[in-house]
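The values are calculated or read from the model by the stated rules, or taken from the named source; none is laboratory data. Bear in mind the structure is a predicted one, so any value in this text is a computation, not a measurement. Cβ sites come from the backbone with ideal geometry, for glycine too, and all protein chains shown count toward neighbours. Heavy atoms of the whole protein, side chains included, go into the accessibility calculation; ligands, DNA and RNA do not. Shrake-Rupley method; radii C 1.70, N 1.55, O 1.52, S 1.80 Å.
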Amino acid sequence: MSGVRSEKEQRRRERSRQNTWRVLRPVLAVVLSILIACGAVFAVGSALYRKLVLPIDRDDATPILVEIPSGAGTSQIGKLLYESGLISNKAVFKIYVDFMGKSSSLKAGSYYLSKNMDIMSMVDVICKGNPPRETIDITITEGMSVEDIGALLVSKGVWENADKFLELCRTGEDFMDYSCISAIVQNPKEDRKYVLEGYLFPDTYTIYKDASEKSVISKMLVRFLDVFSTDYMERAAELSMSIDDVITLASLIEREAKTADFEKVSAVFHGRLREGMTLGSDAPLRYITGQNLIEFSTEQVSNPSLYNTHVHKGLPLGPITNPGQATIYAALYPDEEYLGTYFYFCLKSSQTGELVFAKTLEEHRKNIEQYKPYW
């Protein structure tokens, strides 16, 4: 009898579990649906927050002047910010301002804002009614080195000294988000002076008078990536060159030639690299010694530095200056007529910077003898 009772008890328990599950199942289904919906809402909300509220471009600190006229409402201000490229959605701006109760606090005036500011920061600036931050135009010319750029910014009163700027350029560690820089940092070359040498693109920049060193460098790196396009990267791969190889070669061309000779000088260097010759360029000696000489002593030419292309074959340790777009192009597209034909050049006139090219060492020596009196 005890066996029959046990069996009945089991069936009773089974029916109880089934009844309980029938009651709980719809409840659990509703709870699970709510959790999934909340997760989806959170995911969508996070995506929208990143897209619509956070800065348009964290790396772009370019000052943008926005004139807010007297009597402008939230919608008009949102439209001005949107048309200036500072926000991605006018409605989100209005919703945020209305939700925070700041509609009546927005002040007319002239404001310098930038794409690395989020909506909250812009609203705070406009509510405070701060006068525009003073800006300054800085022109970085082709061929300026990292140290030249630091000295220029100090002379313009942006910084008291260039120590922090030079240290940031030396290590490059604060700019690992840029693949061209991270590639150098992750594969360090001993004795390289500045990781960022070659990547501070020459151009005219509008910056805040009190801009930080990091923000100024970021602007230049962003501009470099604008210029060094996908086409350039593909061309570098065709030549079996890294970006750093291209910029290093371009920096030599920048120092050795005037515009008319860029592609020809590039052809000479490419030809010498292919033949396993030293590049024999004096430009790195100027970088090593800090002396802008036309001729160097035997001791200087024998300097063991890995930048010295008289002693070491191949490209120097890294870029020796910051090249412009024309020399970057020349490094990628050498003159086909001169490539593999001309292996030497020397200065023809120190006044014009014109060069004379030679196919053989004997011809090169004759050119030096002829034109040296004019240096």
Qualifying lysines (Cα of each under 17 Å from Cα of Lys359; at least 8 residues distant if same chain): Lys264, Lys348
Student exercise, region 119-176 dipole from Lys, Arg, Asp, Glu Cβ charges, in Debye to nearest 20: 280
Could you give the alpha-carbon Rg of region 265-375 over 2.2 N^0.38 Å, rounded to two decimals? 1.06
Quick one: helix 146-155 against the long Cα principal axis of the chain, what's the angle to the nearest 10°, folded into 0 to 90? 80
Could you tell me what fraction of 2.2 N^0.38 Å the Cα radius of gyration of region 330-375 comes to, as a two-decimal ratio? 1.24
For region 110-238, build the charge dipole from Cβ charges (+1 Lys, Arg; -1 Asp, Glu) around the Cα centre, then report which of Phe201, Ser229, Ser155 sits farthest towards its positive end. Ser155
Let's see if you can work this out: charge +1 on each Lys and Arg Cβ, -1 on each Asp and Glu Cβ, no other charges. What is the dipole magnitude of the chain about its Cα centre, in debye to the nearest 20? 3020
Quick check for you: with a 1.4 Å probe and neighbouring chains kept, what is the accessible area per residue of region 120-263, in Å²? 47
Determine which lysines satisfy two conditions relative to Lys128: a Cα distance under 24 Å, and not lying fewer than 8 residues away in the same chain. Lys79, Lys90, Lys94, Lys102, Lys107, Lys115, Lys209
Rg(Cα)/(2.2 N^0.38 Å) for region 133-266, N = residue count: 1.08
For the chain, modelled as a Gaussian network with Cα springs under 10 Å, which listed residue fluctuates most, Thr171, Thr360, Thr248? Thr360
So what is the relative contact order of region 180-302, in percent, for Cα pairs below 8 Å that sit 6 or more residues apart? 17
Using a Gaussian network for the chain with springs between C-alpha atoms less than 10 Å apart, which of these wobbles most: Phe357, Phe296, Phe345? Phe296
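Determine how many Å³ per residue the convex hull of the Cα atoms of region 186-338 encloses. Spell out each step's value before the answer.
Working: hull volume 21.0 nm³, N = 153.
Measuring per residue, one finds 137 Å³ for the Cα hull of region 186-338.
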Heavy-atom accessible area order for Arg235, Arg223, largest first, 1.4 Å probe: Arg223, Arg235
Could you tell me which label, among [x] 21.3; [y] 25.5; [z] 20.1, carries the value of Kirkwood radius over Cα pairs in Å calculated for this structure? [y]
Additional length obtainable on full extension of the chain from Thr289 to Glu83, 0.36 nm per residue less Cα span: 69.1 nm
Expressed to two decimals, region 165-204 has a Cα Rg over Rh, using the Kirkwood radius, of 0.95
Pull up the cross-link candidates among the lysines for Lys193, meaning alpha carbon to alpha carbon under 23 Å and not fewer than 8 places away within one chain. Lys164, Lys214, Lys219, Lys313
Test of understanding: in a Gaussian network model of the chain with alpha carbons linked when under 10 Å, which of Thr321, Thr135, Thr259 would top the mean-square fluctuation ranking? Thr259
Apply 1/(1 + (r/R0)^6) to the Cβ-Cβ distance of Met100 and Lys209, taking R0 = 51 Å, and write down the FRET efficiency to the nearest 0.05. 0.95
If you filter region 122-189 for trypsin sites (Lys or Arg not before Pro), then keep DSSP loop positions with at most 12 other Cβ within 10 Å, what is left? Lys189
Does anyone have the angle between helix 119-128 and the longest principal axis of the chain? Alpha-carbon axes, 0 to 90°, nearest 10? 80
Which FRET efficiency, nearest 0.05, do Ala151 and Glu354 yield, Cβ-Cβ r, R0 41 Å? 0.90
What angle do you read, to the nearest 10 degrees and between 0 and 90, between the alpha-carbon axis of helix 361-371 and the longest principal axis of the chain? 70
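Rounded to a whole number, what % of the accessible area of the chain do carbon and sulfur atoms account for, probe 1.4 Å?
Looking at the chain in its full context, I get 51 percent from C and S.
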Would you kindly state the longest site-free stretch of the chain, with sites defined as GluC sites (Glu not before Pro) in a DSSP loop (not H, G, I, E, B) surrounded by at most 15 other Cβ atoms within 10 Å? 1-133
